Each structure stands twice: as structure tokens, then as C-alpha cells.
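First up is the structure itself, then whatever we jot down about it.
The values are calculated or read from the model by the stated rules, or taken from the named source; none is laboratory data. All of these numbers come straight from a predicted model, not from anything done at the bench. So basically every Cβ, Gly included, is an ideal-geometry build from the backbone, and we count neighbours across all protein chains shown. Accessible surface areas use protein heavy atoms only, side chains included; no ligands, DNA or RNA. Shrake-Rupley method; radii C 1.70, N 1.55, O 1.52, S 1.80 Å.
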Amino acid sequence: QQPARKLRVAIMGLGSYGTRVAKAMKDCQSAELVGIVTGSPEKIPVWKKEYNIPDKNVYNYETVGQMKNNPDIDVVYVITPNSLHAKHVMQVAAAGKHVICEKPMADTAANARKMIAACEKAGVKLLIGYRLHFEPYTRKVIEMIQAGEMGKLNYIDNYQGFKIGDPTQWRLKKSLAGGGALMDVGIYCLNAARYLSNEEPIWVTAQETKTDPVKFAEVDETIQFQLGFPSGLVASCATSYNIRFERLYAQGDKGFAELSPAYGYGPIKGRTHKGPLDEPVVTHQTAQMDGMADIILNNKTIDPPVDGQEGLKDMIVLDAIYESIRKGSAKMK
Ligand code: NDP
């Protein structure tokens with residue numbers, strides 16, 4: 001069902017991903033970019049021109065509260081560095097607007113809980129930018145598993161990483177990133193293990209490797225983690241800022257699914273025990289924003305969900321992975 005009108009979106013944080021989302025929204029059926037929140041005045045004329053944004057819908061991080069008096073914005077999409085998500089989401093909620101927040105939802109589960117509480121108090125919806133929940137190859141694998149086509153799921157092998165460039169960027173600063181590769185891209189492996197299994201892990205173990213202690217002085221470079229689920233399913237996952245790799249493999253009693261590449265902007269490719277997957281290729285952020293318009297305007301639900309609780313569940317496990325690393329493993333001479 002098409003919404004009666006389009007979802008009117010303001011983007012907060014006009015960086016590299018904010019730009020990608022804005023471009024993708026040009027092709028949306030149900031969502032449109034109408035406003036911006038930025039701390040960089042030089043970006044304002046460029047974005048106003050490109051997206052036809054009126055002056056009254058332009059804000060900075062200090063004036064967000066004034067959005068309360070602007071009936072022409074429905075939702076703010078927070079696309080700022082991870083450790084600022086909590087503060088920014090709470091500012092938007094206080095202005096009475098719905099919020100979409102990028103992954104990772106926050107830097108800790110404690111902050112994720114505060115964000116959920118603030119949005120509940122304000123009576124606004126909180127969604128997390130899990131674009132793959134709207135991606136056809138990912139959805140096909142989820143649906144096949146849910147329909148029992150793989151039998152009982154036994155094992156997931158899952159990794160995502162890339163070689164990070166500029167050593168001065170915020171992703172390598174703990175105060176802005178919260179953590180390193182795990183927070184940034186390892187979260188995809190964790191999220192996939194959770195949505196494929198439809199379970200929450202009951203144990204977590206993890207190991208960290210650092211080959212460049214200078215570049216990765218503040219955040220994690222490479223982490224392997226293992227998740228055990230109530231059904232007996234085990235997920236073996238890895239993530240890195242210094243290895244380029246990307247794959248999701250799920251093995252069940254009756255079949256398997258493999259997506260490779262699995263997590264980037266696509267095209268995603270995949271196969272199962274039945275043969276190659278052939279699903280529609282979409283721009284992830286276009287599909288996501290059309291789907292989120294339906295959730296916000298029409299109260300549609302999606303399984304697996306993209307709400308604050310889903311973000312919190314990932315944050316709880318991320319906290320546990322870091323705790324497992326702090327506790328350490330047996331050292332061999
Ligand atoms: P960028 O550095 O490219 O952009 C971040 C923007 O946040 C900046 O351009 C700036 O916008 C704003 N900002 C506000 N305060 C700060 C600050 N103190 N330091 C730096 N920037 C600040 O980052 P990305 O766009 O790559 O990432 C932003 C978020 O999006 C992250 O949470 C990341 O995990 C997520 N992301 C999600 C992806 C996905 O596939 N779902 C892919 C990539 C990123 P301005 O100048 O307008 O104020």
C-alpha cells in the first residue's frame with residue numbers, strides 16, 4: 001500500500017554516507033529529502049541547490065530543538081559519528097520528530113537504552129539504519145530459513161572487513177567511534193547471525209589481533225568472535241580494518257546459503273543448495289527509505305525488525321564481545 005503522502009526526511013550529518021542516502025532517496029517512491037542538519041556552513045548552499053531545500057528546513061546542531069515548530073519535517077536521519085548518535089537522537093526526540101539512526105545504534109548498550117527511553121517519552125519512533133533488512137538477497141535467505149528449507153541451522157561462518165585508509169579519521173578515534181572494526185562492520189556479522197537464527201546468543205567468546213598498534217592505538221583492528229545460541233547453533237565471525245573480506249555462509253541439516261559479497265552496497269551475490277540466487281538488484285538505501293516510510297507513516301512492521309530494540313540487542317552483544325576480549329585468552333609461549 002502506498003502512503004497517502006511521502007515521508008519528509010531531514011538528514012543530520014552531511015558526510016559520505018549522508019550523501020549516499022540523499023542521492024538514493026531521489027529514486028524513492030515514498031520518501032523525500034526536505035531538510036538538513038549540518039555543522040558545516042559551506043555545505044548548505046550545495047545541498048540546498050542539489051535537493052531544493054528551503055532555508056526554513058536548514059538547521060545546525062545547536063538549533064535542532066527549533067524543529068519542534070516546523071510541521072514540514074517528519075523524521076531526522078542521524079548519520080553522524082557513532083559516539084554522537086545518543087546525543088543527536090535525544091535532541092531530535094526532544095524536538096518531537098521521529099528518528100532514524102545509523103548503525104551502530106550507539107557506542108554502548110547503556111546509551112542505546114537511554115535513546116529508546118527518550119524516544120518513548122517523546123512518543124516518536126526510533127529506527128536503526130539496517131539497510132540489509134530491506135535487501136532482496138538477504139531477505140530471500142531469511143525467508144528460506146524461516147520456511148524450514150535449510151532444516152535446523154547448525155553453523156554460520158561470517159566475516160566482513162576492509163583496509164581502512166586515512167589514519168586521522170574519526171573511525172580510529174575511540175571518543176567518536178566507540179570502537180573499531182567490530183563497531184563499524186563486525187556488527188553486520190553479528191546482526192546476520194541474529195536474524196538468520198532468530199535467536200539471541202547465550203554465550204560469547206572473542207579474540208583480538210593488532211598488527212599495527214600505532215594506527216589502531218585507540219580502536220580494534222581485527223576481532224574474531226564466536227556466538228552460541230540456545231538451539232545449539234554456533235556462529236563463527238570475524239571483522240577487520242586491515243583485511244578485505246566479506247562472506248556469509250549458513251549451514252543447516254537440509255541445505256545451505258552463501259552470500260558473497262554479503263554486506264556491501266551490492267550487488268549482493270549468492271547461492272543455496274538449490275542453486276544460484278537470482279533476486280532483484282536494488283539500491284539498498286532507496287529500498288530502505290521506502291520501507292521505512294511505510295513503517296513510520298503506515299505503522300507497517302518488518303521481520304526482522306529495524307527498531308531501537310533491535311539496535312539494543314546488537315549493542316548488548318557488542319559490549320559482551322569487548323568484555324570477552326578484556327578478560328583475555330590463555331597465552332601460549
Ligand atoms: P563521515 O565522516 O563521512 O560523515 C560524518 C558527518 O557527521 C560529518 O560529515 C559531519 O557532517 C557530521 N559530524 C558531526 N560532528 C562530527 C564530528 N565531531 N566529527 C566528524 N563528523 C561530525 O562518516 P560516515 O558518513 O561514513 O559515517 C557516519 C555514520 O554512518 C556512522 O555511524 C557510520 O557507522 C554510518 N554508516 C553506515 C553505513 C551503512 O551502510 N549503513 C555506511 C557508512 C557509514 P556535517 O559537516 O554536515 O556536520
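With a 1.4 Å probe and every protein chain left in place, tell me how much accessible area D290 has, in Å² to the nearest 10.
Roll a 1.4 Å probe over it and D290 shows about 40 Å².
7 Å from Cα along Cα→Cβ at both K269 and K23: what's the point-to-point distance in nm?
2.2 nm
Once you order the gyration tensor axes a ≥ b ≥ c over the Cα atoms, which shape class does the stretch 214-333 get: rounded for a/c under 1.5, otherwise prolate or oblate by comparing a/b with b/c? If you can, show how the numbers build up before the last one.
On the way: a/c = 1.70, a/b = 1.40, b/c = 1.21.
It comes out prolate by the Cα gyration axes.
If only Cα atoms are counted, what is the Rg of the stretch 7-131, and what is its Dmax, in Å?
13.4, 40
Between K48 and A4, what length comes free when the chain is fully extended (0.36 nm per residue of separation minus the Cα-Cα distance, one decimal in nm)?
Residue separation times 0.36 nm, minus the Cα-Cα distance, leaves 13.3 nm.
Could you give me the percent of Cα pairs per 10 Å distance bin for the stretch 136-280, shortest bin first, beginning at zero and ending with the bin that holds the maximum distance?
For the stretch 136-280, the binned pair fractions read 12, 40, 31, 15, 3 percent.
Take the Cβ-Cβ distance between D303 and K333 as r, set R0 to 51 Å, and report the resulting FRET efficiency rounded to the nearest 0.05.
0.55
Sticking with the crude label model, points 7 Å out along Cα→Cβ, report the distance from D278 to E323 in nm, one decimal please.
About 4.8 nm, to one decimal.
Only loop residues by DSSP count here, and only those with at most 11 other Cβ atoms within 10 Å; note down the trypsin sites (Lys or Arg not before Pro) in the stretch 1-110 that meet that.
Details: sites: R5, K6, R8, R20, K23, K26, K43, K48, K49, K56, K68, K87, K97; in loops: R5, K6, K26, K97.
Passing sites in the stretch 1-110 are R5.
Over the stretch 1-84, what is the mean sequence separation of C-alpha contacts under 8 Å (at least six apart), divided by residue count, expressed as relative contact order in percent?
Averaging sequence separation for qualifying contacts and normalising by length gives 39 percent for the stretch 1-84.
For the stretch 281-331, build the charge dipole from Cβ charges (+1 Lys, Arg; -1 Asp, Glu) around the Cα centre, then report which of I302, V317, M292 sits farthest towards its positive end.
Final value for the positive-end residue is V317.
Across 10 Å bins from 0, what is the distribution of all Cα-Cα pair distances for the chain, in whole percents?
The calculated distribution, bin by bin, is 6, 25, 34, 25, 9, 1, 0.
How high is the relative contact order of the chain? Use alpha-carbon pairs under 8 Å, at least six apart in sequence, and give a whole percent.
About 20 percent, as a whole number.
If you place +1 on the Cβ of every Lys and Arg, -1 on the Cβ of every Asp and Glu, and leave all else neutral, what size is the dipole of the chain about its Cα centre, to the nearest 20 Debye?
About 400 debye.
Where does the longest stretch of the chain lie that holds no chymotrypsin sites (Phe, Trp or Tyr not before Pro) found in a DSSP loop with 16 or fewer other Cβ atoms within 10 Å?
Within the chain, the longest run free of exposed chymotrypsin sites (Phe, Trp or Tyr not before Pro) spans 62-264.
As I understand it, the dipole of the stretch 136-280 uses +1 on the Cβ of Lys and Arg and -1 on the Cβ of Asp and Glu, about the Cα centre. Which of N242, P267, P201 lies farthest toward its positive end?
Looking along the dipole axis, the top candidate is P267.
What is the sum of charges, Lys and Arg at +1 and Asp and Glu at -1, for the other residues whose Cβ falls under 11 Å from the Cβ of V317? Before the final figure, lay out the partial values.
On the way: positive: R194, K313; negative: E200, D314, D319, E323.
Local charge sum for V317: -2.
Based on the Cβ-Cβ distance from E199 to K114, what FRET efficiency comes out when R0 is 25 Å, to the nearest 0.05?
Computed FRET efficiency for E199 and K114 comes out at 0.45.
Could you work out how much longer the chain between Y155 and S236 gets when fully extended? Use 0.36 nm per residue separation minus the Cα distance between them, nm to one decimal. The partial results should precede the final answer.
Details: separation 81, 0.36 × 81 = 29.16 nm, distance 0.79 nm.
Fully extending the segment from Y155 to S236 adds 28.4 nm.
Rounded if a/c is under 1.5, else prolate if a/b beats b/c, else oblate: with a ≥ b ≥ c from the C-alpha gyration tensor eigenvalues square-rooted, which is the stretch 83-208?
Oblate, because a/c is 1.5 or more while a/b does not exceed b/c.
Students sometimes get this wrong: rank T138, T301 by accessible area, probe 1.4 Å, all chains present, largest first.
The most accessible residue leads, giving T301, T138.
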